[in-house]
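Encoded as structure tokens, the structure appears first; notes follow it.
The values are calculated or read from the model by the stated rules, or taken from the named source; none is laboratory data. Values in this document were obtained by computation on a predicted structure and should not be read as measured data. All Cβ positions, even for glycine, are placed from backbone atoms using ideal geometry, and neighbour counts span all protein chains on display. SASA here: full protein model, heavy atoms, side chains in, ligands and nucleic acids out. Shrake-Rupley method; radii C 1.70, N 1.55, O 1.52, S 1.80 Å.
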Amino acid sequence: MTDNGLRRGDDGLTRCWWCDGADDYRAYHDREWGFPVTDDQRLFEKICLEGFQSGLSWLTILRKRDNFRRAFREFDFESLAKRPPSVDKLLLDAGIVRHRGKIESTLNNARQARELAREFGSLAAYFWRFEPPPDERPSELTWAVLSKLPKTPASIALSKDLKKRGWSFVGPTTMYAFMQAMGLVNDHLEGCSVRAKALAARSKVKSPR
């Protein structure tokens, strides 16, 4: 890793340091992380998986993601809210993280997501209201700058509002990781080969807020 938080892979591409060492992690970095998402099920999936990730590595969750999707009906929050699966049955599923609090949180958040989508028209319309304005973003995103951004005013505001609405496992640091992954911010470092692609993708998506 260079002193600016970048690594050059064996394919010659320079990437953010955190995805180095595993092909599936690099693919996630190159194709998903930081690209704008406006699909409600994907947004709900990610906010739930960020909760499951608490205390674990994201790579652990990423490698179990298909199992989570199977267990939680592709994160169809309408279905989960209407007919929640058995918590005790999910606790027997070795393919997911068997943490009662996190499982119960996902089912609770499905009910809250249904209400949120009804109020705002979609989850996307709600979440993208918290996209920070340009003057709240760093003028240059370096490793040193990013290391000081475990949470931001926008993620604190999102966390506070969700908690007020009854959501759980949505702390401000978790919400910033959610915002990074779903493209509400572009935190690919300066010099990362994917940064420009994520910026271009963001410019083509009309914010649903």
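Quick notes on this one:
- Solvent-accessible surface of the chain, taken per residue with a 1.4 Å probe and all protein chains present: 49 Å².
- Shape parameters for segment 164-209, alpha-carbon atoms, Rg then Dmax in Å: 13.2, 40
- With every protein chain in place, the chain: carbon and sulfur % of accessible area (1.4 Å): 49 percent
- Entry note: the chain has Rg to Rh equal to 0.96, where both radii use alpha-carbon atoms and Rh is the Kirkwood radius.
- Computed from the C-beta positions of Ala200 and Arg83 and an R0 of 45 Å, the FRET efficiency is 0.65 to the nearest 0.05.
- Cross-link reach list, lysines versus Lys204, counting only Cα pairs under 26 Å and skipping chain neighbours closer than eight places: Lys46
- Cα pair distances of segment 29-148 binned at 10 Å [whole percent]: 12, 39, 32, 15, 3
- Within the same chain, aspartates and glutamates fewer than 8 places from Lys148 are excluded, and of the rest, those with a Cα less than 18 Å from its Cα are Asp3, Asp135, Glu136, Glu140, Asp187, Glu190.
- When the Cα positions of Trp17, Trp33, Leu49 are compared along the charge dipole of segment 1-52, Trp17 comes out farthest toward the positive end, with charges on each C-beta of Lys, Arg, Asp and Glu.
- Cross-link pairs exceeding 23 Å in C-alpha to C-alpha distance, out of Lys102/Lys151; Lys64/Lys160; Lys64/Lys163; Lys64/Lys164, comprise Lys64/Lys160; Lys64/Lys163; Lys64/Lys164.
- Assuming charge only on the beta carbon of Lys and Arg (+1) and of Asp and Glu (-1), the dipole of segment 85-147 about its Cα centre is about 380 debye to the nearest 20.
- Among Ala117, Phe77, Ser139 - extreme Cα towards positive end, dipole of segment 45-156, charges at beta-carbon: Phe77
- Our summary gives the chain a relative contact order of 30 percent, counting only alpha carbon pairs under 8 angstrom and 6 or more residues apart.
- You can think of it this way: the chain between Arg118 and Ser57 has 18.7 nm of extra reach, that is 0.36 nm per residue less the Cα-Cα gap.
- Given charges at beta-carbon only (K, R positive; D, E negative), |dipole| of segment 1-150 in Debye: 620 debye
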